[in-house]
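> Dropping a structure here in structure tokens format, bear with me for questions.
Every number here is computed from the coordinates shown, using simple stated rules; none is lab data. Values in this document were obtained by computation on a predicted structure and should not be read as measured data. Counting neighbours? That spans all protein chains shown, and the Cβs are built from the backbone with ideal geometry, glycine included.
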Amino acid sequence: GAFNDISLSLMPGASEAEVIFQLDQALEIYGGLGAVGRDNQISHKFISSEIDQLSAQAIIMPSIFLGIAAFLLNLLLSRLVSTQRDQIAVIKAFGYDNLAVCFHYLKLVMVVVLVGAILGTGLGGWLGAGMTRLYADFYHFPILRYEIRPAVLITALLVSAGASVLGAFLAVRRAVTLPPAEAMRPEPPATFRPTVVEKLGLQQWFSAPSRIILRNLERRPIQGLMSIVGLTVAVAILVVGRYFTDAMDAIVDIQFRTIQREDITLVFNAPLSAQAQFDLYHLPGVMRAEPFRVVPARMRFGHYNKLTGITGVEPTSEPRQLLDSQQRPVTLPPEGLVLSAKLADLLQAELGDRITVEVLEGARPHRTVTVTGIFDELVGISAYMDIHALNRLMREGLTLSGAYLQVDARQQSKLYSQLKQTPAVASVALRQTTIDQFEDIIGQSMAGFTVVLIGFASVIAFGVVYNAARIALSERGRELATLRIIGFTRAEIAYILLGEQAVLLAIAIPAGFALGFGLAALMTRLYDWELFRFPLVITPASYAFAFVVIMVAAVVSGAIIRRQLNQLDLVAVLKTRE
């Protein structure tokens with residue numbers, strides 16, 4: 001009837017702190033290590049951290065997408081107002097007031113919002129149900145249903161409508177304030193003046209089509225800037241989408257292949273003497289056995305406290321190296337405590353501070369230890385000491401809680417089976433199994449989000465590139481047709497139109513890389529959990545991926561526009577609109 005672990009469910013309204021206090025008092029004489037509340041359970045930390053991360057992303061990512069949508073709506077309505085200025089003048093001359101004209105265009109915006117809301121609700125429900133199934137599978141929830149609450153749906157609709165109206169505001173304002181007498185006249189031609197290239201006397205280095213491209217870009221800087229902003233955001237989102245994969249790969253590589261180089265981590269069910277280290281060499285396949293000592297403790301500094309443990313390792317450990325997030329070696333001093341940066345932050349402790357350590361095993365002594373080192377670690381919140389210093393702190397001889405084993409791969413299965421049958425062994429952790437589980441739980445849980453993020457970014461990239469080129473064609477159809485008639489070839493007018501987009505793209509791509517890096521730096525703050533922290537790592541392959549996707553969008557858009565250019569009716573375009 002013996003047991004060494006118990007889980008409790010509390011009644012509604014019960015005080016968790018009071019229950020923990022009573023449990024510790026009752027179980028202290030039996031060697032209890034101290035009760036742990038839900039907040040300190042790993043399963044709870046995983047799920048609560050995921051929820052915090054999703055909450056942050058639910059604000060950041062939709063804000064970016066809604067900003068792009070507002071930008072595209074502004075382009076659309078600006079073009080409509082430009083082409084319908086004479087019609088606006090006529091209906092205002094017939095007596096329609098500004099409010100009627102305003103509502104006319106806002107109703108068009110609301111139609112776009114309504115169609116988008118219907119499609120978005122369906123797509124959001126499908127993605128939400130898929131994510132719910134993903135969490136239910138990974139975390140083994142017995143019941144986890146996905147529901148779209150009316151309040152959430154209404155909020156989404158209002159926010160989308162607000163972003164759309166905001167994006168259309170400038171264009172609608174232009175339509176409302178247009179005097180009828182002025183609107184009935186054609187738009188005045190643009191003011192032409194020498195470009196910067198011509199002022200510098202460099203025009204001989206550029207062909208006539210190239211000078212036309214530069215002149216048009218200088219003539220409409222705001223329109224070009226808006227296109228650059230849209231493309232920059234699309235590239236940045238693509239970089240961020242790949243950043244999650246890069247960060248996960250970096251954590252696995254640094255933590256589980258560089259720091260944890262042991263094949264097996266062995267933990268005893270009670271601290272053993274130094275003789276246990278020599279006994280391990282008699283097991284099959286063991287080539288190296290390095291001891292470690294773990295002391296469960298509650299650390300206190302001021303009014304801050306944290307339930308964790310002190311790990312004592314050999315200062316010159318080979319199987320388990322101490323490295324910071326930059327993979328620089330961390331040296332354990334002969335005395336004192338070395339904290340991970342996250343634990344030091346939770347305790348608000350700095351170098352030289354003296355921390356109270358309440359040991360939760362044996363006689364449960366209270367000790368005071370000086371912080372002699374702080375380093376940034378990617379996984380967990382840890383405190384380290386030289387194993388010999390920790391033994392002295394506990395006033396014991398050389399004692400070990402477990403060992404890091406390097407074994408012959410050919411005998412690993414045999415050794416694992418034997419260890420599982422050994423009574424003194426509490427747990428056996430295989431490094432490769434740990435890697436697989438970490439990638440399975442963390443990596444795959446983010447895979448769906450990453451795919452969705454990249455998919456939306458690709459759509460935004462194509463939408464911005466195509467809309468910019470299509471609107472440029474619509475606005476400059478008469479100009480391009482005139483150039484065709486005076487002798488320019490189809491290839492040359494295609495170069496003029498698409499060349500502008502190429503220049504904007506050339507500016508937007510490096511700007512998108514910089515913005516993506518900045519957003520990734522922001523993500524490192526969002527993923528600053530106790531369980532693990534995301535490093536700021538973006539590989540060249542991620543930049544290459546973003547470049548390829550944006551270029552594919554540009555090439556496809558350019559091919560569509562080039563086809564429309566080839567089908568341009570010169571006579572119809574040159575006719576004066578009545």
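> Could you order peptides 290-299, 248-257 by the average number of other Cβ atoms within 10 Å of their residues, highest first? Spell out each step's value before the answer.
Numbers: 290-299: 21.1, 248-257: 18.1.
Peptide ranking by packing, descending: 290-299, 248-257.
> Here is a follow-up. Tell me, what HN-Hα J-couplings in whole Hz come from the Karplus equation 6.51 cos²θ - 1.76 cosθ + 1.60 at θ = phi - 60° for each residue of region 61-75, using x for Gly and Pro?
After applying 6.51 cos²θ - 1.76 cosθ + 1.60, I find 5, x, 4, 5, 5, 5, x, 5, 4, 4, 4, 5, 5, 4, 4 Hz.
> So how many Å³ per residue does the convex hull of the Cα atoms of region 448-514 work out to? It would help to have the intermediate numbers written out before the result.
Values: hull volume 5.5 nm³, N = 67.
With only Cα atoms used, region 448-514 gives 83 Å³ per residue.
> Rounded to a whole number of µm²/s, how large is the Stokes-Einstein D of region 388-500 at 25 °C and 0.890 mPa s, given Rh as the Kirkwood radius over C-alpha pairs?
The Stokes-Einstein estimate is 113 µm²/s.
> Given the Cα-Cα distance of Arg320 and Val451 and 0.36 nm per residue of separation, how much length would full extension add, in nm? Intermediate results must be reported in sequence, preceding the final value.
Details: separation 131, 0.36 × 131 = 47.16 nm, distance 3.51 nm.
Result: 43.6 nm gained on full extension.
> How are the C-alpha pair distances of region 247-362 spread across 10 Å bins, as whole percents from the shortest bin up?
Binned Cα distances yield the sequence 11, 35, 37, 16, 2.
> Arranged from highest to lowest average of other beta-carbon atoms within 10 Å per residue, in what order do the peptides 62-72, 194-204, 126-136 appear? Can you show the working numbers first?
Numbers: 62-72: 18.1, 194-204: 12.2, 126-136: 14.4.
Top of the packing list down: 62-72, 126-136, 194-204.
> Still on this structure, I have one more. Could you give the spread of the C-alpha atoms of the chain along their three principal axes, from largest to smallest, in whole angstroms?
99, 60, 46
> Here is a further query. Please give, to one decimal in nm, the separation of the simple spin-label points placed at Ala156 and Ala136, each 7 Å out from Cα toward the Cβ.
Taking the simple label geometry, Ala156 and Ala136 are separated by 1.8 nm.
> What is the Cα convex hull volume of region 216-300 when expressed per residue in Å³?
Details: hull volume 17.4 nm³, N = 85.
It is 204 Å³ per residue.
> Give me the number: length gained by fully extending Gln348 to Ala424, i.e. 0.36 nm times residue separation minus the C-alpha to C-alpha distance, one decimal in nm. Let's see the in-between values first.
Details: separation 76, 0.36 × 76 = 27.36 nm, distance 3.79 nm.
Gain on stretching Gln348 to Ala424: 23.6 nm.
> Using helices alone, what [θ] at 222 nm do you get for the chain, with -39,500 (n - 2.57) per DSSP H run of 4 or more residues, divided over all residues and rounded to the nearest 500?
Working: 19 runs with 332 residues, N = 578.
Counting only the DSSP helices, I get -19500 deg cm²/dmol.
> Over the chain, what is the relative contact order in percent, taking alpha-carbon pairs closer than 8 angstrom and at least six residues apart? Spell out each step's value before the answer.
Numbers: 728 pairs, mean separation 113.6, N = 578.
20 percent.
> Once both labels are modelled 7 Å past Cα along the beta-carbon direction, what's the Ile485-Phe206 spacing in nm?
Output for this residue pair reads 2.6 nm.
> Something else: Kindly state, to the nearest 0.05, the FRET efficiency for Leu119 paired with Arg215, given R0 = 41 Å and r defined as their beta-carbon distance. Mind dumping the intermediate values first?
Numbers: r = 40 Å, r/R0 = 0.99.
Rounded to the nearest 0.05, the efficiency is 0.50.
> Between Ile20 and Thr434, what is 0.36 nm times their sequence separation minus the Cα-Cα distance? Round to one decimal in nm. Show your work: numbers first, answer last.
Values: separation 414, 0.36 × 414 = 149.04 nm, distance 3.11 nm.
Full extension from Ile20 to Thr434 adds 145.9 nm.
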